[in-house]
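Report on the structure given below.
The values are calculated or read from the model by the stated rules, or taken from the named source; none is laboratory data. Model, not experiment: these values are computed from the prediction. Glycine gets a Cβ as well: all are built from the backbone with ideal geometry, and neighbour counts include every protein chain shown. These area figures cover heavy atoms from the full protein model, side chains too; ligands, DNA and RNA do not enter into them. Shrake-Rupley method; radii C 1.70, N 1.55, O 1.52, S 1.80 Å.
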Amino acid sequence: MRDLLQDIPIFYLGAIASLIAGLCTAVGALPIFFLSHISRRFQGILLGFGAGVMLAATSFSLIVPSIDYSKSQTGSTVLAAIIATIGIGIGGGFLWFSNQYFPHEHFFKGREGRNIDNLKRIWLFAIAIALHNFPEGLAVGVGFGDGDLNNGIALAIGIGLQNMPEGLVVALALMTERYSRIAAFSIALVTGLVEPVGGAIGAGMVAIAQFILPWGLAFAAGAMLFVISDEIIPESHRMGQEQEATLGVMAGFVVMMFLDITLG
């Protein structure tokens, strides 16, 4: 199986893996057809778990490889640290800029970005989820950038695991907005399709120029760190569920760390 994957061009590997990870959002939303209610405590745990998975993926699958590749390219530990620092800053800045200037609305944090009143609320939600999912797809695509299947697969699995609870919470939030089960599931499915766009861009960039790889990894790490701190953790702490969310973060971090060590 691994030999078969190695024959697939990096661009297609990144796009396919990020597509599968994105579709996990819809897989996570499936329980809405069988359950009418999930407690806020459990939702907090699920969101915390997703944040923990993303945090571990950012650390072990993005930042550490970025530093390693920079060292091999430059021969300098200091330059490697500088590249990682600048890349993380640019990635975080990109998400900050997007949040400031793209109108969007979170289910729990409310409206952000430019105030455009003629946009329907559901489209503001869709833009918010797109801003959230794009860096995840980008991370998966870049993860395959050097042809290292282990790192790319570990990232894809981790992002897929994170997307499942997110898909469930998003679908539940849509149902509270009086959307039907089918509509809520369909929207969760569509939001996951943003990820292969990011995956194709990330894989394509590093496939064209390998020197971009450490920068791309650090950029994706910065973007994901911004999402974790600005969106997922605050939402997991709503309604006084801080301890449950923290337990979820720890569990998610450990699960992703284990996957990264064993697969990567």
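What whole number of Å gives the distance from the Cα centroid of the stretch 18-97 to the Cα centroid of the stretch 230-257?
The stretch 230-257 and the stretch 18-97 have Cα centres separated by 14 Å.
Which percent of the accessible heavy-atom area of the stretch 146-211 goes to carbon and sulfur, probe 1.4 angstrom?
71
Please give the per residue accessible area of the stretch 30-101, computed with a probe of 1.4 Å over protein heavy atoms only, in Å². Before the final figure, lay out the partial values.
Working: 3560 Å² over 72 residues.
Ligands and nucleic acids excluded, the result is 49 Å² per residue.
For the stretch 165-246, with every protein chain kept in place, what is the accessible area per residue (1.4 Å probe, Å²)?
So the stretch 165-246 comes to 41 Å² accessible per residue, rounded to a whole number.
If packing is taken as the mean number of other Cβ atoms within 10 Å per residue, what is the order of 47-55, 243-251, 190-198, highest first?
Going from most to least packed, we get 47-55, 190-198, 243-251.
Report the dimensions of the stretch 184-260 along its three principal axes from the alpha-carbon atoms, largest first, rounded to Å.
In descending order, the Cα extents are 47, 31, 23 Å.
How about the stretch 162-240: which trypsin sites (Lys or Arg not before Pro) there lie in a loop by DSSP and see at most 12 other Cβ atoms within 10 Å? Could you put the intermediate results ahead of the total?
Values: sites: Arg178, Arg181, Arg238; in loops: Arg178.
In loop regions of the stretch 162-240 (DSSP not H, G, I, E or B), the sparsely surrounded trypsin sites (Lys or Arg not before Pro) are Arg178.
For the pair Ile212 and Phe97, what calculated FRET efficiency results from E = 1/(1 + (r/R0)^6), where r is the Cβ-Cβ distance and R0 = 22 Å, to the nearest 0.05?
0.60
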